[in-house]
1. Please go through the stretch 587-613 and give me each residue that is out of contact with any Leu (no Cβ under 9 Å at 6 or more places or on another chain), modelled with pLDDT under 85 and surrounded by 12 or more Cβ atoms within 10 Å (Cβ to Cβ), ordered by number.
2. Tell me whether the stretch 281-296 contains one or more residues that are crowded, with 20+ Cβ neighbours inside 10 Å and more than 23 Å from the chain's Cα centre (by Cα).
3. Within the stretch 367-385, count every residue that is of a type outside the set (Gly, Ala, Ser) and without any contact (Cβ under 8 Å) to a residue 12 or more places away in the chain.
4. Please indicate, with yes or no, whether at least one residue in the stretch 136-143 is among the aliphatic types (A, V, I, L, M), open to solvent by less than 30 Å² (accessible area, probe 1.4 Å), in contact (Cβ under 8 Å) with a residue 40 or more places away in the chain and outside any loop (DSSP other than H, G, I, E, B).
5. Give the residue that is surrounded by the most Cβ atoms within 10 Å (Cβ to Cβ), with candidates limited to residues of the stretch 49-72 that are out of contact with any helix residue (DSSP H, G or I) (no Cβ under 8 Å at 6 or more places or on another chain) and assigned to a strand (DSSP E or B).
6. Restrict the check to the stretch 363-384 and report whether at least one residue is assigned to a helix (DSSP H, G or I), open to solvent by 60 Å² or more (accessible area, probe 1.4 Å), of a type in the set (Lys, Arg) and more than 29 Å from GLN441 (Cβ to Cβ).
7. Given the residues ARG88, ARG148, which is the only one that is among the basic types (Lys, Arg), closer than 30 Å to GLU13 by Cα and modelled with pLDDT under 95?
Amino acid sequence: MAQTRITDHKKEEIRDAADIVDVVSDYVKLKKAGGAFTGLCPFHNERTPSFYVTPRLGIFKCFGCGEGGDVFNFVMKMEGVGFVEAMRSLAGRYNIELPEEESSESADAQTQLVEGIYHALRFAGVYYHQTLAAEDSAAAARDYIGRRGLTAATTRKWGVGYAPDAFDAFYKHALSSGINETYLHEAGLIKYSEQNQQVYDTFRGRLMFPIFSPSGKVIGFGGRIMEGGKGPKYINSPQTKVYNKSEVIYGIHMARNEIRKHDQSILVEGYMDVISLWQHGVTNVVATSGTSITPEQMRRLANYSPNLLMVYDADNAGQNAMLRGLDVALQAGLHVRLMHLPDGEDPDSFVQQFGAESFINYTRKEAKDFISFMVQHAEDKGEWDDPMSRKQVVSRILASIARVSDQVLRETLIGHLRKMTGIGERALYAELGSLAAAVRQEEARAIDRERRAQQREMQGGAPHPAEGQFQNPGSGGASAPAGAGVPRTRPVQVRRPAAEKEIIRLMIEHGDGMIYYVGNLIGPDYFTDPELRQFYEAITACYEQEIPATIEHFTAMEPPFPRLVSEVFIEQFAVSEVGNAKRSRSILRDADPFATARGAVKSLALQFLSQQIEEVNQQLSYAGEDERSELYRSITELRKTRLQIEKSHADALYPAPDEMP
C-alpha cells in the first residue's frame with residue numbers, strides 16, 4: 001500500500017486551512033458558547049451537551065467520554081482512517097495540493113486496510129458511473145433513469161451507476177487496474193463461491209447508488225434490480241470496516257447544511273425519493289440506508305436539527321414502517337411530525353408530477369404531530385369508533401409518549417391527547433406510568449447488553465475507549481474503523497488536580513520564559529497525576545531540546561497527549577468564556593501569568609508536602625525503635641514547612657522571574 005511523505009510545512013498548511021468548527025459541524029450540531037462551541041458528542045450517547053470545540057485553539061474535547069484532540073484526530077476517529085488519509089481528506093476539502101503517494105512497507109496494517117477499502121470503493125464508484133454513461137450493456141439502465149426523470153447532471157452529482165449483468169466483469173477490471181483483491185473483498189464488492197471459492201461480483205445487473213459519509217467519501221452501495229431481473233429488489237453493501245448500516249443516513253453529505261438552514265430534516269423511504277426531491281429543490285431530504293430506522297441514525301440526525309418530518313408511502317407497509325420508526329426518533333429526542341401522501345403517490349412521483357413548491361405546501365398543510373396523525377390514521381381505518389380499538393390506539397400513543405425524555409414535552413403531549421380523546425388525565429398517567437417503566441427496563445437491558453459486549457471486547461485484548469484513543473499521526477497509525485470502532489458507552493473519567501492542569505496550561509501558553517520559571521520551582525515529583533507528570537516532563541524536554549512546546553506539537557504526538565491537550569485547554573476556557581458572555585465585565589485571564597503560576601506552584605507545593613507527610617506516616621507503621629524518632633522529626637519539619645507555606649502569600653514565597661538566577 002502506498003504511503004505519502006508529507007513535510008511538516010504541508011501539515012501546518014492543512015492545519016491552518018482546516019476550520020475545526022466547519023469539519024466537526026459535518027457530524028455535530030454546534031451552538032456558540034462564548035469563545036467556544038458546544039453540542040452532543042458524536043462518540044457516545046448523551047442528551048445534555050458535553051462536547052466542546054474551541055476554534056482559537058483548534059481542538060475539541062468531550063467531558064462525558066474523554067475524547068479530544070485536534071482536527072486531524074477528529075477526522076481519524078470519525079472516518080476510521082490513519083493520519084495520512086485524514087490529511088488527504090482535509091487537503092481535498094480545502095483545495096491543498098499534496099505530493100503523490102510513494103511505496104512504503106512501513107504503513108500500519110490496519111491503516112493500510114481501511115485506506116485500501118476506501119480506494120476500492122472510490123474505484124468502484126467511478127467504474128459503475130462510467131459504465132452507466134457509456135456502455136451498451138447499460139442502455140436499459142439509461143432508459144430507466146430517463147423515465148424516472150433524472151437529469152445527467154443529477155446522475156453525475158449523486159454518482160449513480162450501473163453494475164453489468166456479468167459474473168465477474170467488475171472484478172476482472174479492478175484486478176487489471178491494480179486494485180488489491182483483499183480490498184475488494186473487504187469493501188464488499190466481491191464474494192467467493194461456497195463450492196469452489198470462485199470470485200464473483202456482489203452487484204450484477206443493478207442500478208447502483210453510492211452511499212456517502214457526511215464528508216462525501218464513498219462507503220458502500222445500494223443496488224436496484226433492473227426490470228425483468230432476478231433477485232431482491234434492493235441489495236446493499238455488507239457491513240464493513242467503513243460502512244455501519246445502523247449509523248448511515250443516505251444523502252446526508254448533500255443535506256447536512258440544508259437541514260441546518262431549514263432547521264428540519266425530511267426522512268423518506270428510498271434512494272430515488274431522495275435524489276428526485278433534491279433535483280427539484282427539496283434539499284434537506286435523507287433516507288435510511290437499507291435498514292429500519294435505528295437509534296444511531298436518529299441521534300445523528302438530531303445533531304443537525306431537532307425537527308424531523310417523516311414522509312413514507314401511503315400503503316400499509318410504508319405507514320407501519322413510519323410508526324415503528326416514530327418511537328426510535330422520539331427516544332432520540334427529535335420533535336417528530338408525520339405525513340402520508342395521497343394514495344398511489346410516493347415522494348418521487350409526487351414531486352415529478354406537481355413540483356417542489358406543491359410538495360412543500362402539501363407538507364405544511366398535511367404534516368401532523370404524531371398524536372394527531374395516529375388518531376387520524378385510526379379514523380381512516382375505522383378503528384376510532386370501536387371502543388376496544390380506540391383503547392388500543394390510545395395505548396399505542398401512550399407507548400410513544402413514554403419514549404419522550406423531556407418532562408415538559410411529555411406533560412404537553414398528555415394534555416393534547418386528553419383533548420383529542422376526552423380521557424381523564426388520571427387514567428392517562430396511570431397507563432403512561434406502567435409503559436414508562438417498561439421503557440426504562442428495555443433501556444436498562446440495552447445498556448447491560450452494551451456493557452457486556454464491551455467487557456467481552458476488552459477481555460479479547462481491545463483497548464478501553466479511554467486509553468490509546470489516537471495513534472501517532474507521524475507514523476500514520478490507524479484509529480478504529482468508522483462505526484465499528486466508535487465507542488458508544490461512557491468510559492470512566494479521571495478527575496485531574498486543577499493546579500497541575502493549570503501549570504501545564506501556563507507552560508504551553510506562555511512558552512520558554514514560563515517553562516524556565518516553573519522548572520526552577522518544581523519538578524515532576526510535584527505531580528500526583530501520572531499522565532500530567534508525563535506531560536510536564538515532555539514540556540521540559542522540549543525546552544532542553546529547543547523544540548517549541550506548542551498545542552500543535554503535542555496534538556501530533558502519541559497518546560495520551562492529544563487527549564490531555566483538550567482536557568487542559570478546553571476545560572480551562574469553556575466555563576470562563578460562557579460566564580464572560582453573560583457579564584458586562586469580563587474576567588481577564590492571566591493578566592499576570594507569573595502571578596497565576598506562583599499560585600499554582602504554591603498549591604502543588606502544599607500537595608507535595610502533604611504527600612511526603614503521608615509517606616512518612618506509612619513508614620512509621622513498620623519502622624523500628626531506632627528509626628521512629630528520626631521519622632517523627634521529619635514529620636515535624638514537614639508540617640512546619642507546610643504551615644509556613646499555607647500562611648505566606650505566593651508572591652513572598654517565590655521570586656519574580658527577573659529575580660531568578
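1. Residue satisfying the conditions is ARG589 alone.
2. yes
3. Within the stretch 367-385, residues that are of a type outside the set (Gly, Ala, Ser) and without any contact (Cβ under 8 Å) to a residue 12 or more places away in the chain number 7.
4. Yes - at least one qualifying residue is present in the stretch 136-143.
5. Going through the qualifying residues, I end up with PHE51.
6. Yes: one or more hits.
7. Sole residue among the options that is among the basic types (Lys, Arg), closer than 30 Å to GLU13 by Cα and modelled with pLDDT under 95: ARG88.
Every residue, every condition in (1) over 25 Å from TYR118 (Cα atoms); (2) at pLDDT 90 or above, yes or no:
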residue: GLU227; (1), (2): yes, no
residue: GLN239; (1), (2): no, yes
residue: SER246; (1), (2): no, no
residue: THR283; (1), (2): yes, yes
residue: THR288; (1), (2): no, no
residue: SER305; (1), (2): yes, no
residue: LEU308; (1), (2): yes, yes
residue: ALA332; (1), (2): yes, no
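The values are calculated or read from the model by the stated rules, or taken from the named source; none is laboratory data. No experiment lies behind these values; they were computed from the predicted model shown. Because the Cβ atoms are built from the backbone with ideal geometry, glycine has one as well, and the counts that use them run over all protein chains shown. Heads up: the accessible areas ignore ligands, DNA and RNA and are worked out on the full protein's heavy atoms, side chains in. Shrake-Rupley method; radii C 1.70, N 1.55, O 1.52, S 1.80 Å.
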